[in-house]
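*Asks:* One structure is given below, represented as structure tokens, and several questions about it will come after.
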Amino acid sequence: MLFLEYIFKTSTVPLKKLTIKLRWHFMLIILIMSSCSSIKNVKYFSNIPDTQTISGLANVEFVNPKILPDDILFINIQTVDPNATQVLSMGNVQNAAIGATSTGSTGGQTVAGYHVDHSGYVELPVLGKLKVSGLTTEQAREIIRVKAAKLYKDPTVNLKYANFKITVLGEVAKPGTYVVSNEKVNILDALGLAGDLTIYGKRENIVLIRQEEDGSRKLIKLDITNSEILNSPYYYLRQNDYLYIEPSKSKAASSDAIQNRNISIISAIGASLISVIAILVSTN
């Protein structure tokens, strides 16, 4: 207050102009402060200084996901006999898939593969039913190869997920379910597929919903404004993971402002119509 009193007493500018000038200065300061805060809130890895280079980050150990019931596996068995190969690969039937592929195609797609039943088995031509749930793709591949080697000479087995899907919901540009061709997918890959977070997405409070092998679900909070996310055991995603990005308070405030504006417009139109009707009635 003493500072402002000193400015008013010593300034040669008229009081009205000085008041307006100070008002604009204060508005500018507030604008700058709020913009700085906004940038900090939307940046990824904001705890890393702009002028600092960080090297030697710890490598997060990638844990191969386990096959679960209702997964779809593409299994291709090759032998020296072309006829046997054709028979062994006949079981890769078309299954309905949900969501978009990592290349962006959507809707009505099907994927070829073997469906893992609720007991965790796949049924292969000639080889019969094999338990694969709870195994990694590498372990399942070896079990099938050993089984096929009892009937065929030097078989080779190619096995991969046909429906490795991730769902991203909330404040992203393109929410939806995405089928990826690579089981080594991380949280940044998933957000990239969904078109990144909107300006209203809470980057420090991303919810990961994960299904465990026993069917239970786990909820984990992730913060991508902190570079420690790169060292998190949840950095890599698993099939059927859900990511939910919570909207910030500014999104709610923006929605309320739009709603209030619409109400004001409707009220103004209604008042205008009433005035017009009143004038028409009074002139008749």
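*Asks:* Against the conditions (1) out of contact with any Lys or Arg (no Cβ under 6 Å at 6 or more places or on another chain); (2) within 28 Å of residue 61 (Cβ to Cβ); (3) at pLDDT below 90, where does residue 188 fall short? Just the number, please.
*Replies:* (3)
*Asks:* Another question, then. Restricting region 193-233 to residues that are basic (Lys, Arg) and free of Cβ contacts under 8 Å to residues at least 24 places away in the same chain, which is nearest to residue 67 (Cα to Cα)?
*Replies:* 217
*Asks:* Working only within region 138-155, note down all residues that are loosely packed, with under 14 Cβ neighbours inside 10 Å and under 14 Å from residue 84 (Cβ atoms).
*Replies:* 149, 150, 151, 153, 154
*Asks:* I'm trying to understand the selection: among the residues of region 72-111, which are within 30 Å of residue 192 (Cβ to Cβ), open to solvent by 30 Å² or more (accessible area, probe 1.4 Å) and at pLDDT 75 or above?
*Replies:* 74, 76
*Asks:* Looking for something in contact with a helix residue (DSSP H, G or I) (Cβ under 7 Å, 6 or more places away or on another chain) and on the phi > 0 side of the Ramachandran plot - is there at least one such residue anywhere in region 118-141?
*Replies:* yes
*Asks:* Does region 153-162 include one or more residues that are in contact (Cβ under 8 Å) with a residue 60 or more places away in the chain, part of a strand (DSSP E or B), charged (D, E, K, R) and more than 19 Å from residue 229 (Cα to Cα)? Show your work before the answer.
*Replies:* Step one: filter region 153-162 for residues in contact (Cβ under 8 Å) with a residue 60 or more places away in the chain, giving 153-162.
Right, trim to part of a strand (DSSP E or B) and you get 156-161.
Then keep just the ones that are charged (D, E, K, R); that gives 160.
Now drop any that are not more than 19 Å from residue 229 (Cα to Cα), which leaves 160.
Yes; the residues of region 153-162 include at least one that is in contact (Cβ under 8 Å) with a residue 60 or more places away in the chain, part of a strand (DSSP E or B), charged (D, E, K, R) and more than 19 Å from residue 229 (Cα to Cα).
*Asks:* Hey, does region 180-188 have a residue that's of a type in the set (Asp, Glu) and free of Cβ contacts under 8 Å to residues at least 40 places away in the same chain? Walk me through how you get there before you give the answer.
*Replies:* Let us first name the residues in region 180-188 that are of a type in the set (Asp, Glu), namely 183.
With the extra rule that they be free of Cβ contacts under 8 Å to residues at least 40 places away in the same chain, the set shrinks to none.
Scanning region 180-188, I find no residue that is of a type in the set (Asp, Glu) and free of Cβ contacts under 8 Å to residues at least 40 places away in the same chain, so the answer is no.
The values are calculated or read from the model by the stated rules, or taken from the named source; none is laboratory data. Owing to the predicted nature of the structure, the values given are computational and were not obtained by experimental measurement. For neighbour counting, all protein chains shown are included, and Cβ atoms are generated from backbone atoms with ideal geometry for every residue, glycine included. Side chains included, ligands, DNA and RNA excluded: accessible areas come from the protein's heavy atoms. Shrake-Rupley method; radii C 1.70, N 1.55, O 1.52, S 1.80 Å.
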